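The values are calculated or read from the model by the stated rules, or taken from the named source; none is laboratory data. Nothing here was measured: the structure is a model prediction, and the numbers come from that model. Because the Cβ atoms are built from the backbone with ideal geometry, glycine has one as well, and the counts that use them run over all protein chains shown. These accessible areas exclude ligands, DNA and RNA; they are computed on the full protein's heavy atoms, side chains included. Shrake-Rupley method; radii C 1.70, N 1.55, O 1.52, S 1.80 Å.
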Amino acid sequence: MDPTTDNAGSSDAARSSLESLRTEISKAVVGQDAAVTGLVVALLCRGHVLLEGVPGVAKTLLVRALAASLELDTKRVQFTPDLMPSDVTGSLIYDARTTEFSFQPGPVFTNLLLADEINRTPPKTQSSLLEAMEERQVTVDGTPRPLPEPFLVAATQNPVEYEGTYPLPEAQLDRFLLKLTVPLPSRQDEINVLTRHAEGFNPRDLHAAGIRPVAGPADLEAARAAVAKTSISPEITAYVVDICRATRESPSLTLGASPRGATALLSTARAWAWLTGRDYVIPDDVKALALPTLRHRVQLRPEAEMEGVTADSVINAILTHVPVPR
């Protein structure tokens, strides 16, 4: 058998499996295609996702539906003001039978961690995820312990409620590959949601909704290998750099995207190109992922914020002005 043909077939099968995730998730979540796509892109890029939206727009349900559609271990942590770092990472427990301390792993030792309402816990506990997200390991009592592969943190936060919340510091925001906004549904989508509930849909029982695992670790590995072979021209690389450098020069921003942000944009554009069936990246791929990849890596000037300027509007303006490679 021709290895090239075999690789292409494996790539197509992996793409088909990941595309079927959308079908499975849509059995529970209506009208959030962009957020679903963002989660799939994050899986392909080994990145983490921050989901932001007002209460009741199915942020948690979206992640739970993704977990149910994948053959991956998943755990959920409800972040609260009294949550301790050891409640996330694990701790040493004294065993009276052996008179020794043994490590009891925390919920972070999983494939998909749902960090629900992450901004409700103090910075000390928020920072317990930093090493896990960046180094993919947890150090307890001086001993590093690797996390399972794949490992993805999907965190949710509420943008309108500030009482009893602790805004994520820039260092932690930068650890998230994507920040996805989960909007209110359209009128028709909301009618569809209510119709499903009237027909007996129970969001707490995804198995009854018919959601089944349609992709597993092997599919992810094959997909990631295919994404790594997606070609990027020097012109596209320069285009990504020009966009990120423009954020650092914008008069509306006090903080622009770092080189890590540029690397993230290149990775997400590459994954999106592969998902759409191409083995090369075009400028439209970069534009499609610029907002979710960069919006949380820039910081508005207070005066710009008072005038109603948003991070998204600044990035959109930059995309309009930066020359597109031919």
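Mind telling me which of the residues THR156, THR139, THR165, THR195 ends up being part of a helix (DSSP H, G or I) and either within 22 Å of ARG295 (Cα to Cα) or not acidic (Asp, Glu) (or both)?
Just one listed residue meets the conditions, THR195.
Based on this model, can you work out whether PRO183 counts as outside any helix (DSSP H, G or I), under 19 Å from the mean Cα position of the chain (by Cα) and surrounded by 12 or more Cβ atoms within 10 Å (Cβ to Cβ)?
So PRO183 fits the description; yes.
If I filter the range 122-129 for residues that are touching a helix residue (DSSP H, G or I) at 6+ places or on another chain (Cβ under 8 Å) and in contact (Cβ under 8 Å) with a residue 60 or more places away in the chain, do I get at least one hit?
No; the residues of the range 122-129 include none that is touching a helix residue (DSSP H, G or I) at 6+ places or on another chain (Cβ under 8 Å) and in contact (Cβ under 8 Å) with a residue 60 or more places away in the chain.
Do we have THR23 as more than 18 Å from the chain's Cα centre (by Cα), open to solvent by less than 40 Å² (accessible area, probe 1.4 Å) and hydroxyl-bearing (Ser, Thr, Tyr) here? Break it down into steps so the answer makes sense when it comes.
Numbers: more than 18 Å from the chain's Cα centre (by Cα): yes; open to solvent by less than 40 Å² (accessible area, probe 1.4 Å): no; hydroxyl-bearing (Ser, Thr, Tyr): yes.
No, not satisfied.
Would you be able to tell me the number of residues in the range 40-87 that are under 27 Å from THR139 (Cα atoms) and part of a helix (DSSP H, G or I)?
So the answer is 9.
Just the residues that are surrounded by 16 or more Cβ atoms within 10 Å (Cβ to Cβ) and among the small types (Gly, Ala, Ser), please, taken from the range 125-176.
Selection gives SER128, ALA132, ALA154, ALA155.
Out of everything in the range 230-266 that is among the charged types (D, E, K, R) and in contact (Cβ under 8 Å) with a residue 60 or more places away in the chain, what residue ends up being least open to solvent (accessible area, probe 1.4 Å)?
Top of the filtered list is ASP242.
Could you figure out which of (1) within 30 Å of ALA225 (Cβ to Cβ); (2) of a type outside the set (S, T, N, Q); (3) part of a helix (DSSP H, G or I) isn't true of ALA257?
Against the list (1) within 30 Å of ALA225 (Cβ to Cβ); (2) of a type outside the set (S, T, N, Q); (3) part of a helix (DSSP H, G or I), ALA257 comes up short only on (3).
Hey, can you tell me all the residues within the range 55-89 that are surrounded by fewer than 18 Cβ atoms within 10 Å (Cβ to Cβ) and over 27 Å from ALA208 (Cβ atoms)?
THR80, PRO81, ASP82, MET84, SER86
Tell me which residues, restricted to the range 276-311, are closer than 16 Å to ALA34 by Cβ and either at pLDDT 95 or above or surrounded by 19 or more Cβ atoms within 10 Å (Cβ to Cβ) (or both).
Within the range 276-311, ASP284, ASP285, LYS287, ALA288, LEU289, ALA290, LEU291, PRO292, THR293, LEU294, ARG295, HIS296 qualify.
Within the range 200-229, work out how many residues are of a type in the set (D, E, K, R), in a loop (DSSP other than H, G, I, E, B) and in contact (Cβ under 8 Å) with a residue 24 or more places away in the chain.
If we filter the range 200-229 for residues that are of a type in the set (D, E, K, R), which is where we start, we get 204-205, 212, 219, 221, 224, 229.
Of the ones still in play, those that are also in a loop (DSSP other than H, G, I, E, B) are 204-205, 212, 229.
Restricting the remaining residues to those that are in contact (Cβ under 8 Å) with a residue 24 or more places away in the chain gives 212, 229.
The total comes to 2.
Would you say SER102 is in contact with a strand residue (DSSP E or B) (Cβ under 6 Å, 6 or more places away or on another chain), open to solvent by 20 Å² or more (accessible area, probe 1.4 Å) and either free of Cβ contacts under 8 Å to residues at least 24 places away in the same chain or of a type outside the set (Val, Ile, Thr) (or both)?
When the stated conditions are applied, SER102 passes them.
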